[in-house]
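The values are calculated or read from the model by the stated rules, or taken from the named source; none is laboratory data. Just so we're clear, the structure is a prediction, and the values are computed from it rather than from any experiment. Here the Cβ is made from the backbone with ideal geometry for all residues, glycine too, and neighbour counts use every protein chain on show. These accessible areas exclude ligands, DNA and RNA; they are computed on the full protein's heavy atoms, side chains included. Shrake-Rupley method; radii C 1.70, N 1.55, O 1.52, S 1.80 Å.
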Amino acid sequence: MYDLIIRQALRADGSLTDIAIHDGKFAAIGTLAPGATARQTLDLQGKVYASAGWIDSHVHCYPKSPIYHDEADLIGVACGVTTVADAGSTGANDIDDFYQITRKAKTNVYAFLNIARTGIVTQNELADMTQIDKIGVRDAIARNPGFIIGIKARMSSSVVGQNGLKPLVRAKEIQQENAPLPLMVHIGNNPPNLDEIADLLTSGDIITHCYNGKPNRILSPEGVLRDSVKRALSRGVLLDVGHGTASFSFEVAELAIKQGILPHTISSDIYCRNRLNGPVHSLATVMSKFFSVGMTLPQVIDCVTTHAAGALCLPAKGRLDAGADADLTLFELRQAPQVFIDSEGKSAKGESVLVPLAAVVAGVILLTEEGKSAHVF
């Protein structure tokens, strides 16, 4: 007797599968015997897609943050997202409070710890090097094992002030002293120059806002990948979208993807204002934009499942395999003309949009607003 059986789910590659869940884990994936029974059975009749639960690897959901804040479940399960990683909203001062708040969420919540002890309380948290307290970071990580899954450094001119590369050098020292946590690096306006940033990064580090349209971007003025970024990618550095309010350009994304420079992870950089007012709205909206710049459904899904789980070092998530955490996103791919807006106010036409109907977290079905009106449920 299983807890939940989902029959005839459509996978991103177009194949059909049955999914059995027991004790919060996937128990069987494939074709189940007709006589298999469960406390709850859902037949999708080949009309609804099911993937491993979507992971948004760059959000801001510490509700007490004065600048970038939101509620985890409003950007998580309400949008079909089963797991989110907050990208540096909190530092050592507030991470314990953030952890306690997240225990009430239905969404799985993890955190990149800001190397500045205050987190993002101001826009220039790394302009004062005394904000970076190695011992404070070490102790915060020790107090929150399994919750802090990486560290975050925002390396743009408005954040670092006159300190240039110094915060990133300190971040790499912190990373080495607290291995094997990945380092996520925000890139924006220079200084410091992206070439200097990229040359300091090593395997598993994450460049977020990878398709921003600012001068300090991954493409040269001629539209080709910078040599420094090419070298970084060859070392195993990862590219994350981190759409946000000011960090995604259709032009840059399309040019890059045409050259085979695909994102490793697609993330939203969502918080309350860009959720309500755009241009982000939801992870599903951000994912849908990538159909307009040349990516396929399986590629897009990989970026929020297997790739995201790998980047965040969450081996039990992001995969439809027996023994993995029973997190699923059930969704439709609707065909209808769309107009998407990037962070620079430019538009792109699309023909498809992803519509999440439910998040399944540890085997529990949580319907989105669209899901509540779907006849399949």
Fill in the blank from the handout: Carbon plus sulfur, as percent of the 1.4 Å-probe accessible area of the chain, comes to 52 percent
Exercise for the section: Taking only Cα atoms and a 10 Å spring cutoff, compute GNM fluctuations for the chain and point out the largest among LEU16, LEU320, LEU330. Expected result: LEU16
Exercise for the section: Work through the residues other than ILE270 whose Cβ is under 13 Å from its Cβ and net out their charges, Lys, Arg +1 and Asp, Glu -1. Expected result: -4
Fill in the blank from the handout: Taking a straight Cα-to-Cα line shorter than 17 Å from LYS25, and setting aside same-chain aspartates and glutamates fewer than 8 residues away, one finds ASP3, ASP321, ASP325, ASP327
Problem - Cα centroid separation, the stretch 210-225 to the stretch 13-46 (Å) - result: 45 Å
Exercise for the section: Just add up the charged neighbours of LYS47: K/R +1, D/E -1, any other residue whose Cβ is under 15 Å from the Cβ of LYS47. Expected result: -1
Problem - Helix axis angle, 166-177 relative to the chain longest principal axis, alpha carbon, degrees - result: 50 degrees
Problem - Charge dipole (debye, nearest 20) of the chain; +1 at Cβ of Lys and Arg, -1 at Cβ of Asp and Glu - result: 60 debye
Practice task
Within 10 Å, count the other beta carbons around each residue, average over each peptide in 39-45, 244-250, 169-175, and list them highest first.
Solution key: 244-250, 169-175, 39-45
Exercise for the section: Whole number in Å², please: accessible area per residue of the stretch 145-293, 1.4 Å probe, ligands, DNA and RNA not counted. Expected result: 35 Å²
Exercise for the section: Find the centroid of the Cα atoms in the stretch 251-325 and in the stretch 78-143, then give the distance between the two in whole Å. Expected result: 22 Å
Fill in the blank from the handout: One would report the antiparallel percent of DSSP beta bridges in the stretch 64-162, rounded to the nearest 5, as 10 percent
Practice task
With viscosity set to 0.692 mPa s and temperature to 37 °C, compute the Stokes-Einstein D of the chain, Rh being the Kirkwood radius across alpha carbon pairs; µm²/s, no decimals.
Solution key: 158 µm²/s
Problem - Debye, to nearest 20: dipole size of the stretch 136-235, +1 on Lys, Arg Cβ, -1 on Asp, Glu Cβ - result: 180 debye
Exercise for the section: Using a 10 Å cut-off on Cβ atoms, rank the peptides 227-234, 359-366, 299-306 from the highest mean neighbour count down. Expected result: 299-306, 359-366, 227-234
Handout entry: Between 0 and 90°, nearest 10: helix 134-143 axis offset from the chain longest Cα axis
Key = 20 degrees
Fill in the blank from the handout: Rounded to one decimal in Å, the inverse mean reciprocal Cα-Cα distance for the stretch 218-377, i.e. its Kirkwood radius, is 16.9 Å
Problem - Selected from SER15, SER57, SER203 as most flexible by GNM, with the chain as the system and alpha-carbon contacts under 10 Å - result: SER15
Problem - Where N is the number of residues in the stretch 1-126, Cα Rg divided by 2.2 N^0.38 Å - result: 1.37
Exercise for the section: Among THR265, THR130, THR118, determine the one that fluctuates most according to a GNM of the chain built with springs between C-alpha atoms less than 10 Å apart. Expected result: THR130
